[in-house]
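The structure appears below as structure tokens.
The values are calculated or read from the model by the stated rules, or taken from the named source; none is laboratory data. Computed from a prediction, not measured in an experiment: that's the story for all the values here. Note that each Cβ is placed from the backbone with ideal geometry, even for glycine, and that neighbours are counted across all protein chains shown. Note: areas computed on protein heavy atoms with side chains; ligands, DNA, RNA excluded. Shrake-Rupley method; radii C 1.70, N 1.55, O 1.52, S 1.80 Å.
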Amino acid sequence: MVRFLLGFFLIFTLVEAQNIDILEEVQVSENPLTLKIKSFLDEETYTQNSDFINVIFDPDTIFYENERVDSVKVVQTLKDNGLLKLFFKHPSELKLNFKTSGTPLFFVKIMGDTLRNIGYYRYVTTASNLDASEFTWNIALTSEYATDPLVLEQELQKSGCKIIDIERNSAYEWTYVIDMDKGFLDIEILDPREIHSLKRSQYAHWLNISKIKALYISSSRRNSWYPYISYYDASLHLLKVIREDKIYHNIKLNIPQNAKYMKVADLYTMKNIRDELILEPKGAK
């Protein structure tokens, strides 16, 4: 009889434990917003401020977009209410991981421009990986603060991209999932009816040439320009390269039919271009 009771008690305990596990799984699946909030805060901060958190995230429906938690809005709300500190006590190594399903070269170009526009000039690539479904690009830099997701989101929107998820791996490491299905380079579009100029720069010039058929480029006598010109399609696949190992003061270019972007540089160094380059488009597509 005692063995029977012990056996029954053991079976009851196991069943009850399984029921608790199932209940916990249901609760977790029913409240993704809470899980996301907790992922950005340490346990102590969340516990001490749980009542306040319930207030600032009410109603919870405004923190969802297309049935997905709006991570940017969550982080911004926590930051604005003093619950999430993005500044470090001293300059530290910040790791940023970016994930996308887009073309790697196109993505790195967009992200590089975006990071430069928000003040990140010096960073190093620590890893990159491409598999069947995703491209990951990891960088590291020294910073006094973690990236403000809202600032990053606003800058990405200029290129038609959007942050769809954020993970806080630690105070010094963040992961961003980026949607770049509608992405484009936020650069000057050459108008066939207007003359344009490229001012002196230490970086290569990127241009949107989707509206023109041909282009005349004039270089002043003060320049020692060795043309180095590359054409790319809408996904930034390289189509054609022009390299000239002699100085040009004028050059005519016929734009490839499926080219959308063009990079204008110098074969050796951008320091060779002391004065601006004058661009005169010819013919509209």
Could you point to the residue in SER143, MET270, ASN49 farthest towards the positive end of the chain's charge dipole, with +1 and -1 charges on the Cβ of Lys/Arg and Asp/Glu respectively? MET270
Using only Cα atoms and rounding to the nearest 10 degrees, what angle (0 to 90) does helix 2-30 make with the longest principal axis of the chain? 30
How much of TYR226 can a 1.4 Å solvent probe reach, expressed as accessible area in Å² and rounded to 10? 50
Could you state, as a whole-number percent, how many of the C-alpha pairs of the stretch 130-222 are farther apart than 17 Å? 68
With the other protein chains left in place, how much accessible area per residue, in square angstrom, belongs to the chain at a 1.4 angstrom probe? 60
By the Cα gyration tensor axes a ≥ b ≥ c (a/c under 1.5 gives rounded; else a/b larger than b/c gives prolate, otherwise oblate), the shape of the stretch 52-116 is oblate
Could you report the accessible area of LEU198 in Å², rounded to 10, computed with a 1.4 Å probe on the protein chains as they sit in the structure? 10
Just one of (i) 30, 25, 18; (ii) 34, 23, 17; (iii) 54, 20, 17 is semi-axes √(5λ) of the Cα gyration tensor in Å calculated from these coordinates, so which is it? (iii)
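Largest first, what is the accessible-area ranking of ARG122, ARG68 with a 1.4 Å probe? Write down the numbers at each step before the final one.
Details: ARG122 210, ARG68 120 Å².
Reading off the accessible areas and sorting them downward yields ARG122, ARG68.
Using unit Cβ charges (K, R positive; D, E negative) and no other charged atoms, how large, in debye to the nearest 20, is the dipole of the chain about its Cα centre? Intermediate values should be presented prior to the final figure.
Values: 34 positive and 39 negative charges, 480 e Å.
Approximately 2300 debye in magnitude.
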Which value, in Å² rounded to 10, gives the accessible area of TYR64 with a 1.4 Å probe and all protein chains present? 70
Note on the stretch 215-260: the mean projected area of its alpha-carbon convex hull, in nm², is 3.3
Rounded to the nearest whole number, the Stokes-Einstein translational diffusion coefficient of the stretch 31-144 at 4 °C and 1.567 mPa s (Kirkwood radius, C-alpha pairs) in µm²/s is 79
Once ASP186, ASP179, ASP165 are ranked on solvent-accessible area with the largest value leading and a 1.4 Å probe, the list reads ASP186, ASP179, ASP165
Furthest towards positive pole of dipole, TYR203, ILE187, HIS90, structure part the chain, Cβ charges: TYR203
Distance between the C-alpha centers of the stretch 249-281 and the stretch 100-152? Whole Å please. 27
Give me the percent of the accessible area of the stretch 101-184 that comes from carbon and sulfur atoms, probe 1.4 Å, all protein chains in place. 47
Kindly write out, for the stretch 243-250 in residue order, the coupling ³J(HN,Hα) from the Karplus curve 6.51 cos²θ - 1.76 cosθ + 1.60 (θ = phi - 60°), rounded to whole Hz, with x marking Gly and Pro. 10, 10, 8, 8, 6, 10, 10, 8
Can you work out the Karplus-derived ³J(HN,Hα) for every residue in the stretch 189-201? Use 6.51 cos²θ - 1.76 cosθ + 1.60 with θ = phi - 60°, whole Hz, and x for glycine or proline. 9, 6, 8, x, 9, 10, 8, 10, 9, 10, 6, 4, 8
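Is it possible to state the helix-based mean residue ellipticity at 222 nm for the chain, with each DSSP H run of 4+ residues giving -39500 (n - 2.57), the sum divided by total residues, to the nearest 500 deg cm²/dmol? What is it? All intermediate terms of the calculation are to be shown ahead of the outcome.
Details: 7 runs with 84 residues, N = 285.
The helix contribution divided over the chain gives -9000 deg cm²/dmol.
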